Each structure stands twice: as structure tokens, then as C-alpha cells.
1. Measuring from label point to label point, each 7 Å out along Cα→Cβ, what is the Asp147 to Thr175 span in nm?
2. Over the chain, what percent of the accessible surface lies on carbon and sulfur atoms, probe 1.4 Å?
3. Sort 239-248, 180-189 by packing, meaning the average of other beta carbons within 10 Å per residue, with the highest value first.
4. In terms of the Cα gyration tensor, with a ≥ b ≥ c the square roots of its eigenvalues, is the range 303-351 rounded because a/c is under 1.5, prolate because a/b exceeds b/c, or oblate?
5. Placing +1 on the Cβ of each Lys and Arg and -1 on the Cβ of each Asp and Glu in the chain, which of Ile210, Leu333, Ala308 has its Cα farthest towards the positive end of the resulting dipole?
6. So the label point goes 7 Å from the Cα of His269 along Cα→C-beta, right? Which residues of the range 28-72 then have their backbone N under 17 Å from it?
7. For the chain, with every protein chain kept in place, what is the accessible area per residue (1.4 Å probe, Å²)?
8. At a threshold of 8 angstrom on Cα-Cα distance, excluding pairs fewer than six apart, so keeping six or more, what relative contact order does the chain reach in percent?
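The values are calculated or read from the model by the stated rules, or taken from the named source; none is laboratory data. This is a predicted model, so every value here is computed, not measured. Glycine also receives a Cβ, built like all others from the backbone with ideal geometry; neighbour counts cover every protein chain displayed. The protein model used for the area step is the full one, side chains on, heavy atoms only, and it has no ligands, DNA or RNA in it. Shrake-Rupley method; radii C 1.70, N 1.55, O 1.52, S 1.80 Å.
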Amino acid sequence: MLKTHKVLAAAVAIAALATGCGGAAQAGNDGGAKLALDAALPTTVPDGTKIVVGDPATEVALKLSGQIDKVSKFVQFANLSGGPQTTEAFRAHALDVGSVAEIPPIHATWTGLHVKIVASKFRQEPLEHPIYKLGIAPGVSVKTLGDLRGKKIAYSPGQAQGALVLKVLKKAGLTKEDVKLVELPSTGDVYSNALAAKQVDVAPIGGVQIKRYLAKYGKDGAGTIDHGLRDDAGHLYVLTESLEDPGKAAAIRAYVAAWGVAQDWIDKHPKEWIQGYYVKDQGLTEADGQWLVDNAGHPDISADWSDAIQRQQETIELLAKETGNKVIQAKDLYDLRFQTVAADAIKGATK
């Protein structure tokens with residue numbers, strides 16, 4: 001199964017980053033002039049600059065593609081990913097860059113962290129290649145979104161799955177009062193197990209969990225349905241204070257460029273990616289890896305974030321209404337200086 005990181009292990013890792021590496025995420029031009037957030041991005045990474053990056057999949061892609069040397073001088077990778085771990089590491093000043101889905105930058109801002117999105121990846125034909133499906137517990141009859149009325153639904157506030165549940169309810173013309181939301185962490189196979197145990201009737205499950213849930217419990221009457229919504233957003237986001245350090249800003253820019261090329265390499269080398277990442281690194285079978293590659297389709301890394309910002313704003317307004325948080329402006333979450341960095345790097349690499 002895909003590697004998951006327990007809370008204790010994550011806490012230990014964060015502590016190690018904050019202390020064992022000499023506070024790498026805080027290192028930089030201490031006492032130097034801050035880089036204005038509207039100033040041109042520096043393009044030269046000074047010697048001695050270090051940034052800590054929580055993006056394990058891209059680390060593997062850079063190694064497999066032979067590009068790791070482009071960033072190894074100034075990047076220290078942390079085995080952290082996802083909103084809760086990234087937020088905790090940001091608060092500990094142990095991380096500069098995190099890889100997450102749509103919701104963590106919004107949630108981080110609501111909880112007082114100052115962050116910016118510096119790269120975004122989506123999927124071509126996103127409705128045909130969703131990240132999540134709605135898992136249905138054995139013996140529960142849900143054929144359409146309207147059938148969700150009265151059901152117990154797994155819900156994870158502050159994470160992509162939680163936002164998806166709220167979007168699904170809105171699409172179905174339902175409110176939170178029309179269902180019973182059961183708060184559960186959306187990590188590993190928690191949702192699949194909750195469905196199998198009938199702790200919940202419905203839960204958004206993603207990745208290889210979809211395939212395995214049906215294989216294991218389909219004979220008992222378990223199923224899935226499509227939600228029919230875009231759920232394909234993936235971001236790199238950073239602490240704003242890291243962007244105010246000229247050296248770190250240059251390093252982050254260089255990393256975003258390498259990240260873009262790595263995503264393109266993954267798309268164009270599916271066999272190598274299946275063997276090198278899903279099989280050797282994550283411990284999945286080749287069949288599982290192939291299913292994940294097929295399900296993901298092809299990436300969409302645009303040099304224009306206008307549509308992405310508009311969709312993010314719609315998400316913010318829905319979440320604010322449902323959670324009581326203040327409406328923030330999606331455009332303020334994005335650092336538009338990075339808008340073309342990944343796309344330009346991909347173009348440059350293919351010439």
C-alpha cells in the first residue's frame with residue numbers, strides 16, 4: 001500500500017528538521033534586506049542557500065530522470081506531504097515548500113499562516129480522470145447524489161476530501177443538515193475501513209484505494225459513484241517569509257522550474273515511473289501503478305492561472321459559508337511572479 005506517515009513520526013520528522021539541520025527553513029540572509037513580494041524574482045541562488053521541501057514524489061522523479069543535481073545543492077527534501085503535516089512543519093519553521101491539494105493554502109491562511117501558491121498542476125479532461133470517487137458502504141443504496149440525503153458521510157475539515165463533500169452536497173441541492181457528517185482523518189485506508197465497518201455510509205476515496213476497496217469489498221455489495229466535479233488541483237505553496245529572503249526566493253524559483261520538468265517527465269515515462277516510484281518506492285504492485293497512471297491521465301500545467309484562481313475563489317466562498325470563516329481573495333493566495341515559471345521550464349526542456 002502507499003506509504004503513510006503516522007502523526008508521531010511526522011512530529012519527530014518535523015522536530016528533526018527544525019533542530020538537526022540547524023533550522024534550515026530559517027537559514028538565509030538573516031538581517032539582510034527583505035525582498036518585496038512584488039519585486040522581480042532573483043534568478044541566481046547564492047552559495048549556502050538552503051530550502052526545505054516537502055515533496056517526496058517529485059524528489060523521486062528528479063532522481064529517476066537524472067535531474068536531481070539541478071537542485072541538490074540548495075534543496076533538502078523532507079518526507080512530508082499533505083495539508084496537516086505541511087501546516088505543522090510551517091508553524092515549526094521547519095519547511096519552506098509543501099506539496100498539497102486545493103484546500104491547505106486556504107485553511108492555512110484562515111489559521112493565521114501567511115502562505116503563497118507558487119506552482120499549480122491540474123489534469124487534462126479532469127471529469128474523466130477524477131482523483132476521488134464516492135465510496136459506498138456494503139448494503140447501502142446510493143446511486144445518485146440525491147441519494148446522499150440522510151446518509152452518514154466521512155468528513156475531514158481542512159482537507160481536500162472535506163471540501164469535496166461540501167461541493168457534492170451543494171451540487172445535490174443538499175445542506176449539512178440533510179446528512180450526518182462524521183469527522184475522520186482522510187489518511188491511508190481510514191475511509192475504506194470506515195466504509196467496510198459501516199461506520200459511515202459514504203466517503204470520498206482516492207488513488208489506489210478506489211481499486212482496492214472494490215476488489216476487497218465489492219463482493220459484499222460495496223460500490224462507488226462518480227461525483228462529477230473537478231477535484232484535480234495540486235499546488236506547491238510556501239511560507240511568505242521564505243519569499244522575502246532573496247536567496248530562498250531564487251531557490252524556490254529554481255525548484256518550481258525543476259518541479260515542472262519533473263511532472264512532464266513523469267507523464268512521458270510512465271513505465272519508468274511505475275517501476276521507480278509506485279513499485280520500488282511505494283511498495284505497490286505493477287498493476288496498481290498502471291491503474292494509477294491510467295486514472296491520472298495527463299497533467300495540465302498552465303502559464304495562465306486565471307481560471308484556477310476563479311475556481312479557487314468559488315471554493316473559498318463555499319467553505320467560508322459552511323465553516324463561518326472570512327471570505328478571502330484567491331488572487332492573494334497566488335504569487336503571480338511564478339505563474340509562467342513551470343510552464344516555461346517545460347518548454348525549454350523540450351527544445
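1. Distance between label points: 2.6 nm.
2. Of all accessible area on the chain, carbon and sulfur atoms account for 52 percent.
3. Details: 239-248: 22.1, 180-189: 16.2.
Listed from highest to lowest mean packing, they are 239-248, 180-189.
4. Cα axes put the range 303-351 in the prolate bin.
5. Highest projection toward the positive end goes to Ile210.
6. Taking a point 7 Å out along Cα→Cβ of His269, the residues of the range 28-72 whose backbone N falls under 17 Å are 56-72.
7. The answer is 45 Å² per residue.
8. Relative CO of the chain lands at 26 percent.
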